[in-house]
1. Across the range 14-54, what is the number of residues that are surrounded by 10 or more Cβ atoms within 10 Å (Cβ to Cβ), over 12 Å from the mean Cα position of the chain (by Cα) and in a helix (DSSP H, G or I)?
2. For the range 3-13, how many residues are assigned to a strand (DSSP E or B) and out of contact with any strand residue (DSSP E or B) (no Cβ under 8 Å at 6 or more places or on another chain)?
3. Could you grab the pairs with beta carbons closer than 9 Å, sequence gap of 6+ or different chains, first residue in the range 8-32 and closer than 16 Å to residue 49 by Cβ, second one part of a loop (DSSP other than H, G, I, E, B) and at pLDDT 80 or above?
């Protein structure tokens, strides 16, 4: 069985940094190793998921 290809992206702004790991799989979204469903603010979840909805599959 082969492992799926993982794409890694890195971005910085001022003093913050972000790492994004994209792997073909089940469609689970995690932020700082926390499932997106666990984020308490609904508006924050919508902002986070907006780029994924725009890109589609």
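The values are calculated or read from the model by the stated rules, or taken from the named source; none is laboratory data. Predicted model, so just to flag it, every value in this text is computed and none were measured. So basically every Cβ, Gly included, is an ideal-geometry build from the backbone, and we count neighbours across all protein chains shown.
1. Number of matching residues: 2.
2. The qualifying residues number 1.
3. From the range 8-32, the pairs are 31/39.
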